[in-house]
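*Asks:* To start, I am sharing the structure in question, which I have written as structure tokens.
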Amino acid sequence: MLKSTYLNKKVLVTGHTGFKGSWLCVWLQLMGAKVKGYALEAENPSLYKLIAKDLEIESYIGDIRNRELFKQEILNFEPDFIFHLAAQPLVIASYEQPVETFETNVMGTAHLLNAVRFLEKPCTVVCITTDKVYENNEWIYPYRETDHLGGHDPYSSSKAACEIVIQSYRRSFFNPEHYNNHKKGIASARAGNVIGGGDFAENRIVPDLIKALENNQPLQVRNPQAVRPWQHVLEPLSGYLLLGQKLYNNPTEFAQAYNFGPWPQDTMPVESLVKLLIQSWGSGDYHTPENKNKLHEAGLLELDISKAVNQLNWQPKLNISETVNMITTWAKNYTNQNPFDLCREQVEGYVNI
């Protein structure tokens, strides 16, 4: 059903050189979309560099903070769909580079939406934020789309600010009630903690653990009791693509914010996830170092996904054990098997569940 929507459509993916962006490009390519990516140069190592030779996409290396260049590339491409993933995505890095985080995440989103104003054709835009956009009260209740936005660290607060920018542009320039005048559908997607094969980012629990396992070293776990809504990368990507399809077909009804996360039973502490990964790997160990100068990170975070389930007819397909097994399978095989083929097999396997 998704393929019929994206086949031969022009799809712009910002942040295509990142972890989620790379997986999304693989999926879009398999559906026959005409993909253009706009992003910074890929990190080394990265999933994008591993699969780039097999990606049949137009890749433009640029900074979304460069307003005029970004605008010109969007207008030249004339996309039918835009998936805006480009961001500074790390909490720890946001403490080290707070201004750059706000510039990229907030103003980058504003630059995108402002450029869309000048597109002289219909366009469906899905802006990706995060589950951390909510003012985290460390309570036991899952956050709903109507809860207060906020954020302690620069990353979380920058993404909350993104949501305000998106809402402002939707109300001011892309109001669903006036769709026939502007022909733009704008939605936002708030995903849980995304994990999967091919993530090489620093200071993220799964890539840190995989690196430790590969080197037969114990992992240092910063916050073992921090509870997160873990989900395989293909879960939210399926949500983004479905939201894009719904918004394309009915731009006045689905121009909203949606949470994408796991079922409640797959929300668990960091330590539980680490144990599952070690068990799936077949060996490994971890310890918790004492850190008196630890930076603040949320201790408890859960998402209510009932809106996406009920309005979009979306739901998670994988439980946490299946997710973990897919990650270890990818990590153990990418050095001796074509990484693009590994991604393709996992996308096709996921679609056929």
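The values are calculated or read from the model by the stated rules, or taken from the named source; none is laboratory data. If you're wondering where the values come from, they're calculated on a predicted model, not measured in any experiment. Positions of Cβ are backbone-derived with ideal geometry, glycine not excepted, and every protein chain shown enters the neighbour counts.
*Asks:* What number of residues within the stretch 46-76 are in a strand (DSSP E or B) and out of contact with any Asp or Glu (no Cβ under 8 Å at 6 or more places or on another chain)?
*Replies:* Counting residues in the stretch 46-76 that are in a strand (DSSP E or B) and out of contact with any Asp or Glu (no Cβ under 8 Å at 6 or more places or on another chain) gives 2.
*Asks:* Just checking, does the stretch 70-89 include any residue being polar (S, T, N, Q) and more than 30 Å from HIS152 (Cα to Cα)?
*Replies:* Initially, the stretch 70-89 is screened for residues polar (S, T, N, Q), giving 72, 76, 88.
From what's left, more than 30 Å from HIS152 (Cα to Cα): 72, 76.
Scanning the stretch 70-89, I find at least one residue that is polar (S, T, N, Q) and more than 30 Å from HIS152 (Cα to Cα), so the answer is yes.
Okay, residues lined up against (1) among the charged types (D, E, K, R); (2) more than 20 Å from LEU119 (Cα to Cα); (3) surrounded by 17 or more Cβ atoms within 10 Å (Cβ to Cβ); (4) in contact with a Cys (Cβ under 6 Å, 6 or more places away or on another chain):
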{"position": "MET1", "(1), (2), (3), (4)": "no, yes, no, no"}
{"position": "LYS9", "(1), (2), (3), (4)": "yes, no, yes, no"}
{"position": "THR14", "(1), (2), (3), (4)": "no, no, yes, no"}
{"position": "LEU28", "(1), (2), (3), (4)": "no, yes, yes, no"}
{"position": "GLU43", "(1), (2), (3), (4)": "yes, yes, no, no"}
{"position": "LEU47", "(1), (2), (3), (4)": "no, yes, yes, no"}
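*Asks:* Now for a separate question. Would you say GLY239 is crowded, with 20+ Cβ neighbours inside 10 Å and either assigned to a loop (DSSP other than H, G, I, E, B) or of a type in the set (D, E, K, R) (or both)?
*Replies:* no
*Asks:* Ok, one more. (1) of a type outside the set (S, T, N, Q); (2) part of a strand (DSSP E or B); (3) at pLDDT 95 or above: which one isn't true of PRO229, the others all being true?
*Replies:* For PRO229, the failing item is (3).
*Asks:* Considering THR267, THR323, which residue is farther than 26 Å from PHE81 by Cβ and either at pLDDT 95 or above or among the acidic types (Asp, Glu) (or both)?
*Replies:* Exactly one of THR267, THR323 is farther than 26 Å from PHE81 by Cβ and either at pLDDT 95 or above or among the acidic types (Asp, Glu) (or both), namely THR323.
*Asks:* Just checking, which of LYS307, LYS317 is part of a helix (DSSP H, G or I), out of contact with any Gly (no Cβ under 9 Å at 6 or more places or on another chain) and of a type in the set (Lys, Arg)?
*Replies:* Testing whether each residue is part of a helix (DSSP H, G or I), out of contact with any Gly (no Cβ under 9 Å at 6 or more places or on another chain) and of a type in the set (Lys, Arg) leaves just LYS307.
*Asks:* Can you pull out every residue in the stretch 216-234 that is surrounded by fewer than 13 Cβ atoms within 10 Å (Cβ to Cβ) and touching a Lys or Arg at 6+ places or on another chain (Cβ under 7 Å)?
*Replies:* none
*Asks:* Now a separate question. Filter the stretch 143-158 down to the residues that are assigned to a loop (DSSP other than H, G, I, E, B) and touching a helix residue (DSSP H, G or I) at 6+ places or on another chain (Cβ under 6 Å), then identify the one that is surrounded by the most Cβ atoms within 10 Å (Cβ to Cβ). Break it down stepwise before answering.
*Replies:* Of all residues in the stretch 143-158, those assigned to a loop (DSSP other than H, G, I, E, B) come to 144-148, 150-153.
Of the ones still in play, those that are also touching a helix residue (DSSP H, G or I) at 6+ places or on another chain (Cβ under 6 Å) are 145, 150-151, 153.
On the way: GLU145: 19, GLY150: 14, GLY151: 21, ASP153: 19.
So, considering only residues that are assigned to a loop (DSSP other than H, G, I, E, B) and touching a helix residue (DSSP H, G or I) at 6+ places or on another chain (Cβ under 6 Å), the one surrounded by the most Cβ atoms within 10 Å (Cβ to Cβ) is GLY151.
*Asks:* Keeping to the stretch 212-248, report how many residues are free of Cβ contacts under 8 Å to residues at least 24 places away in the same chain and within 18 Å of ASN175 (Cα to Cα).
*Replies:* Number satisfying all stated conditions: 0.
*Asks:* What are the pairs with Cβ atoms under 8 angstrom where one residue, in the stretch 276-291, is more than 13 Å from SER321 (Cβ to Cβ) and the other, located anywhere, is surrounded by fewer than 10 Cβ atoms within 10 Å (Cβ to Cβ)? Sequence gap at least six, or different chains.
*Replies:* Listed pairs, sorted by first residue: SER283/ASN216.
*Asks:* Here is a follow-up. Kindly indicate which of ILE92, ILE140 is surrounded by fewer than 19 Cβ atoms within 10 Å (Cβ to Cβ), modelled with pLDDT under 95 and either within 19 Å of the chain's Cα centre (by Cα) or in a strand (DSSP E or B) (or both).
*Replies:* Exactly one residue qualifies, and that residue is ILE92.
*Asks:* I've got another one for you. Here's a check for you: in the stretch 107-131, which residue that is in a helix (DSSP H, G or I) and either among the small types (Gly, Ala, Ser) or within 16 Å of the chain's Cα centre (by Cα) (or both) is surrounded by the most Cβ atoms within 10 Å (Cβ to Cβ)?
*Replies:* Looking only at the stretch 107-131, we keep the residues that are in a helix (DSSP H, G or I), and these are 107-116, 131.
Imposing the further condition that a residue be either among the small types (Gly, Ala, Ser) or within 16 Å of the chain's Cα centre (by Cα) (or both) reduces the set to 108-110, 115, 131.
Numbers: GLY108: 26, THR109: 28, ALA110: 17, ALA115: 19, ASP131: 26.
Once the filter is applied, the top-ranked residue is THR109.
*Asks:* What do you reckon, is VAL133 at pLDDT 95 or above, touching a Lys or Arg at 6+ places or on another chain (Cβ under 7 Å) and at negative phi?
*Replies:* yes
*Asks:* Identify the residue in the stretch 1-45 that is part of a helix (DSSP H, G or I), of a type in the set (Ser, Thr, Tyr) and over 14 Å from the mean Cα position of the chain (by Cα) and, among all such residues, is farthest from VAL125 (Cα to Cα).
*Replies:* Top of the filtered list is SER4.
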